[in-house]
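Here's the structure we're looking at; comments come further down.
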Amino acid sequence: MAKELAFVSGASSGIGYQLALQLAQRGYDLAVTAHGDRLEEAAKDFEAAGATVHTFQADATKRDEVEKVWRGIEALGTPVAVACINAGIGEAGLFATESSLDQELAIVDLNCGSTVQFAKYISRQMAGRRQGNILFTASIASETTSPKMAVYSASKSFVLSLSKSLRFEMEHFGVNVTALQPGPVDTEFFNVAHMEDTKIGTDGKKSNEPDTVAKVGLDALFDGKEHVYAADFMTKLQGAVAGITPDSVQAKMQEKYMEPATK
Ligand SMILES: NC(=O)c1ccc[n+]([C@@H]2O[C@H](COP(=O)([O-])OP(=O)(O)OC[C@H]3O[C@@H](n4cnc5c(N)ncnc54)[C@H](OP(=O)(O)O)[C@@H]3O)[C@@H](O)[C@H]2O)c1
């Protein structure tokens, strides 16, 4: 019997790599995308886990490249049964004086723009078939006040809000939508976001491993949950109290995370 097809963006490393690997282990074939050519190496691991893998290298900050990826997926002739819209980047620093505007606009283009674009194509296809599962990688930062990560945090609020609204729209089409909200995870995210020397970018990120976060996310998706905090106790606690924690307290916590690792 032909296998079903799963789509993962940002599949070359970190959480997306684990989502793709675990979907291969759960019996799916894969359409995976990322920008760099290390995607091809990752694809070998997914194949070793039993999947037929289709790779699409593209800079997802660019609208025409995302469109081309989708045309390539459509040309496979197999509908997407599961979609993990996951690719994302960050940028650290005081907004007024430290962080890079180029990087912050790339955050908007990738974390928000490509997420909307992939979600549009995928939800149209799934609505037509009246079945499917969509997992959005949001963040605990979707719900926190985050000095020195203002644009990233705002982008993840966008993703969470999109996911929650689409959940209600898509249930009329028999499609489940879930938001994955990781706490700090030990991935390359912190290097890309220029956070190697911060408390969170050194010890803090060791709170969660990407394989555990991916498993928790996929379990929540297939259980039909609205969202899941992943995965350690502190992340779950922070998520549970986010709505009642004053902004000033959240900001103080964030400032601590962003302190130099040596302090
Ligand atoms: N790590 C954390 O603490 C954490 C916490 C909460 C949420 N998240 C979210 O989890 C998601 C995955 O991040 P991660 O932690 O796994 O980081 P990661 O290891 O850096 O993975 C990021 C992925 O996004 C891809 N990507 C980056 N820029 C791209 C572009 N312009 N076009 C296409 N693909 C691009 C990367 O591919 P290439 O570089 O190979 O092109 C890579 O596959 C992100 O949405 C992030 O916001 C992470």
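DSSP beta bridges confined to the chain are antiparallel in about 5 percent of cases. In the chain, the calculated helix contribution to ellipticity at 222 nm averages -13500 deg cm²/dmol per residue, counting -39,500 (n - 2.57) for every DSSP H run with n ≥ 4. Think of the chain as having a plus end and a minus end, set by charges on the Cβ of Lys, Arg, Asp and Glu; of THR178, GLN103, ALA48, THR178 sits farthest toward the positive end of this dipole.
Close amide H pairs (under 5 Å, H built 1.01 Å from N) link CYS84 with PHE7, VAL8, SER9, LEU135, residues at least 5 positions away or on another chain. Proximity of backbone amide H atoms, modeled 1.01 Å from N, is registered between VAL177 and ILE134 at under 5 Å, excluding neighbours fewer than 5 places apart on the same chain.
Between the range 1-50 and the range 110-171, the C-alpha centres lie 20 angstrom from each other.
Shape class for the range 184-263: oblate, because the ratio a/c of the largest to smallest gyration tensor axis (alpha-carbon atoms, square roots of eigenvalues) is 1.5 or more and b/c is at least a/b. Below 10 angstrom from the Cβ of VAL228, what's the summed charge of the other residues (Lys, Arg +1; Asp, Glu -1)? Once positives and negatives cancel, what remains is -1.
As an equivalent ellipsoid, the chain spans semi-axes of 30, 19, 18 angstrom, where each value is the square root of five times an eigenvalue of the C-alpha gyration tensor, largest first.
The long axis of helix 247-257 is offset from the longest Cα principal axis of the chain by roughly 90 degrees. The string of couplings for the range 55-69 from the Karplus curve (6.51, -1.76, 1.60, θ = phi - 60°) is 9, 9, 7, 7, 7, 6, 6, 10, 4, 5, 6, 5, 4, 5, 4 Hz, one whole number per residue in order, with x for Gly and Pro.
No value in this document is a laboratory result; all are computed from the given coordinates. Quick caveat: nothing in here was measured; it's all calculated off a predicted structure. Positions of Cβ are generated from backbone atoms using ideal geometry, with glycine treated the same way; all protein chains shown enter the neighbour counts.
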